[in-house]
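One structure below.
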Amino acid sequence: MKPAEFEEKDYEGPLYRELLFGNHRISTPGQVFENAFGVDAMMEADHPWIWELFGLSNIPQGILLKDYRWGWVWRRYGENRTLPTFQVNLLIQAKRPDHLCGKNSSLLRNGIKGSYWRFGIRAHQQVLLEQLERRLRHRALVVYAAPAFHELNSLYDHTANQTIVENSSFVRPSHMVDHHHWNYERAGSTGVATSEPEAID
């Protein structure tokens, strides 16, 4: 097992810039708020690839988070906080993966045949993201995001070529219920959620 050569923040910046696709509507609150809300970024993403990946031919208009009740968030945060005054359609928790070589028999049965990437999730964060996904339903997309590469040179190349989004893995929190890791061998939304292996497509 080999951790990615870059840090999570190194990946987040170029990922978010690409997802915005030229607009500037994004909020990236700090760690205290992330611990209460569960996400690294809230944005209006215009990149068509992510929406096609999740079967949407039209980019969702998004929602105003301030129009919802967030009592469970504010209790955890310790006070109310002003949420973005612009509409958001994508809420992301970014992850830094490990790269694993060799075959894993349980993953092999679920379609991962060789080397792959894996990231772990934190239990309390997963609970928050599940609540967030249920609250927003199909009005906005809530996802984990992680690169389908692990070398720093690949990060720089994809940043320069603006191909970070197409070379990332995205999974909804609802697919991670009762699991601890997301395993994937390619970009997109296909992978295997484990502890007990469950293929997701």
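The values are calculated or read from the model by the stated rules, or taken from the named source; none is laboratory data. Computed from a prediction, not measured in an experiment: that's the story for all the values here. Cβ: placed from backbone, ideal geometry, glycine included. Neighbour counts: every protein chain shown. Surface accessibility is based on the protein's heavy atoms, side chains included, excluding ligands, DNA and RNA. Shrake-Rupley method; radii C 1.70, N 1.55, O 1.52, S 1.80 Å.
What the table shows:
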quantity	calculated
One residue from Gly78, Gly38, Gly62 being open to solvent by 40 Å² or more (accessible area, probe 1.4 Å) and of a type outside the set (A, V, I, L, M)	Gly78
Every residue from the stretch 173-196 that is of a type in the set (A, V, I, L, M, F, W, C) and crowded, with 18+ Cβ neighbours inside 10 Å	Met176, Trp182, Ala187, Val192, Ala193
Qualifying residue in the stretch 126-144 (condition: over 18 Å from the mean Cα position of the chain (by Cα) and not in a helix (DSSP H, G or I))	no
Of residues in the stretch 145-172 being open to solvent by 40 Å² or more (accessible area, probe 1.4 Å) and of a type in the set (A, V, I, L, M), the one nearest to the chain's Cα centre (by Cα)	Leu152
Only listed residue being open to solvent by 20 Å² or more (accessible area, probe 1.4 Å), at pLDDT 95 or above and closer than 20 Å to Met176 by Cβ, chosen from Arg25, Arg118	Arg118
Of all residues in the stretch 81-104 being open to solvent by 80 Å² or more (accessible area, probe 1.4 Å) and over 21 Å from the mean Cα position of the chain (by Cα), the one that is modelled with the highest pLDDT	Thr85
Cβ-Cβ under 6 Å pairs, at least 6 apart or on other chains, the stretch 150-161 side in a helix (DSSP H, G or I), far side surrounded by 13 or more Cβ atoms within 10 Å (Cβ to Cβ)	Leu152/Glu5; Leu152/Phe6; Leu155/Phe6; His158/Ile164; His158/Asn167; Thr159/Pro14
Of the criteria (1) surrounded by fewer than 21 Cβ atoms within 10 Å (Cβ to Cβ); (2) modelled with pLDDT of 95 or more; (3) under 27 Å from His99 (Cα atoms); (4) within 15 Å of the chain's Cα centre (by Cα), which one Leu20 fails	(3)
